[in-house]
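The values are calculated or read from the model by the stated rules, or taken from the named source; none is laboratory data. Predicted, not measured: the structure shown is a model, and the values here were computed from it. Note: accessible area is taken over every heavy atom of the protein model, side chains too, but ligands, DNA and RNA are not part of it. Shrake-Rupley method; radii C 1.70, N 1.55, O 1.52, S 1.80 Å.
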Amino acid sequence: MAFYAHQTYCLLEDSGILENDIYAWVLPSYRPIQTRYGLSRAIIIQLRGRKLTFDEMIRRDKSNASFKYPNSGIYPIFVPSDAFKKYHDGGKGKVLKLLKIYLDNPYYKNHVYLFTGHGEGGAFAIYAALNLFEITRGIKIEATTFGAPRIGDSSISYSLDCCVFVNRVTFKNDYVPLLLGPKFKHPNIEYWISDELSCACTFGNVNQKVFTIFQCDDGDGQESQNCNLTYENEFRKKLAEKPSHDFSSYIKSHNGPYFGYTMGKCGKNFNM
């Protein structure tokens, strides 16, 4: 998953497409990479959403409005209306248009389509993966998200199980994955980078802090309550008492680092 973090940590200020503040970037892998389907050549699709402030995210959390996902034949899903409407109106057609060149070319027939994104871009990545599944059944699809918000109601995990492998990565007490509950849920498998230091290592001339990673799965097909979400009650309590609390640690954790890459520091040194 470090490969996906490397693909995601740039903010795409100077590449991709822009439609209502949604960026998308598509690139074939130049070599086989490890996927859930084994070592495969891939089409990498990176999405980025808006740069929302803490207060904007909290306002979205309080509104908690829902929108019926316009799927065809998959489980009925209700999704957060603000995030999904933004993707549906501004990005869906553009992303599928970018992918058409690969879908129509027999050379890419056996490639895996890998969607990735950070924060709201992670939610967009999953919506885009579902859209692709609906129009092209039978191709291999995988998504890896970093610090993504909740993306749909309780049926979202079952719907994804049939169609899309999802690797959901979170870092410490990142507040973004804590929002939009309990009405909306995460996909069930989570990889949580904790604040437990496994080693302070030196690779070459670079000093790095390596944190412990836990795979979190409660076994019931729903989001795990044992990793990032252990901070939810504490966060909600502090939020109710705002502005007497400092939320800087929650906000800082949103950018990682994830496997050595701090989101938003494109072109900077490998950072732990």
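Within the range 2-41, the residues that satisfy the criterion of being in a loop (DSSP other than H, G, I, E, B), open to solvent by 70 Å² or more (accessible area, probe 1.4 Å) and modelled with pLDDT under 75 are Glu13, Asp14, Asn20, Asp21. Restricting the range 219-229 to residues that are open to solvent by less than 80 Å² (accessible area, probe 1.4 Å) and either aromatic (Phe, Trp, Tyr) or at pLDDT 70 or above (or both) leaves a set whose member that is nearest to Gly256 (Cα to Cα) is Asn228. Among the residues making up the range 66-95, none is assigned to a loop (DSSP other than H, G, I, E, B) and modelled with pLDDT of 75 or more.
Ile44 meets all of the listed conditions (1) at pLDDT below 70; (2) part of a strand (DSSP E or B) but one, namely (1).
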